[in-house]
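Inspection log for the structure reproduced underneath, given as structure tokens.
The values are calculated or read from the model by the stated rules, or taken from the named source; none is laboratory data. Because the structure is a prediction, the values reported are computed rather than measured. Note that we place each Cβ from the backbone using ideal geometry, even for glycine, and neighbour counts take in every protein chain shown.
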């Protein structure tokens, strides 16, 4: 069984001094050719006998509208993140770097924790202790700005005037 070597991304080439590396389940790849160009994901399976790679989230619709895994040729993808949880892979990178007389930072060989791709800015900041008016039954107090009317009717009239002035 021959291992399938896949090109590394430019960042990984600079980091490890290698052009390609054998792909395994758990690596993260990006598709570089074909109709799925630009997409990518984690490798779910590597079929060494057929030289095909299955990537998580890359499917194709069958005639009966069911989704089927879409297998890719190794030439069509590049590795964007290596799965370094297995010691054999780390040792192979060290060995190849030593042959090429390349110094690799030991921090680069540690497995990076997987970070889910979510926008942290959109999440509310729960570190501040604020009571919600729905829970406590209290009405929220809004700070009064200068020139703001205390009467609600006057307030709506002032807002309408501001709106008319803008237009």
State the number of residues belonging to region 102-113 that are loosely packed, with under 11 Cβ neighbours inside 10 Å and either touching a helix residue (DSSP H, G or I) at 6+ places or on another chain (Cβ under 8 Å) or at pLDDT 75 or above (or both).
1
Residues (surrounded by 12 or more Cβ atoms within 10 Å (Cβ to Cβ) and farther than 23 Å from residue 11 by Cα) located in region 61-85:
69, 70, 71
Listing of strands (runs of 3 or more DSSP E) fully contained in region 1-86 that carry 3 or more residues being under 18 Å from residue 97 (Cβ atoms), in contact with a strand residue (DSSP E or B) (Cβ under 9 Å, 6 or more places away or on another chain) and touching a residue at least 40 places away in the same chain (Cβ under 8 Å):
5-8
All positions within region 32-57 that are within 15 Å of the chain's Cα centre (by Cα) and buried (at least 17 other Cβ atoms within 10 Å of the Cβ)
40, 43, 55
